[in-house]
Amino acid sequence: MNGARISELLKTRPKTSLYWGLYLASAQEGVKPDLGIAVAKKLAKRAVDRNRLKRMIRDLIWTAQAANLKSDVVVKLKKPIGRETRGRLRKKERELLRKQVQGLM
């Protein structure tokens, strides 16, 4: 997904949870639905955690798109993670983030 399309989607009203914003727009006809992920370095300090979150989001969204979601999606992290764990994403927090993303779809 290119930057212009992501910017266009970010102007729409998101479905939100405590940590995530989910931006949806109908896919163009004949084109496969696309995915954009925004996990800012300011919100997830360690590259390991940012990459883990992106993999988790990709997996959840692709599963949803295969089942019933037929739209372009941008997922954006809104709040910093790992405050209680010195900036590290732990299993408990990872499961919370996963549940929140699933709740938005």
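Every read-out reported here was derived from the displayed coordinates using simple, explicitly stated rules and does not represent laboratory data. Keep in mind it's a predicted model, so treat the numbers as computed, not measured. Here the Cβ positions follow ideal geometry from the backbone for every residue, glycine too, while neighbour counts run over all protein chains shown.
Brief remarks follow.
- From least to most packed, judged by other beta carbons within 10 angstrom and beginning with the fewest, ASP59, ASP72, ASP34 follow the order ASP59, ASP34, ASP72.
- Between ALA4 and ALA38, the simple spin-label model (points 7 angstrom out along Cα→Cβ) gives 1.8 nm.
- Bridge orientation summary for segment 3-97: considering DSSP beta bridges with both residues in this region, about 70 percent are antiparallel.
- By the rule of a C-alpha distance below 27 Å, with chain neighbours fewer than 8 residues away ignored, the lysines paired with LYS42 are LYS11, LYS15, LYS54, LYS76, LYS78, LYS79, LYS91, LYS92, LYS99.
- Counting beta carbons within 10 Å around each of LEU18, LEU10, LEU43, LEU77 and listing the fewest first gives the order LEU18, LEU10, LEU43, LEU77.
- Relative contact order (%) - segment 3-97, alpha-carbon pairs under 8 angstrom, separation at least six: 37
- Divided by 2.2 N^0.38 Å, where N counts the residues, the Cα radius of gyration of segment 3-97 comes to 1.12.
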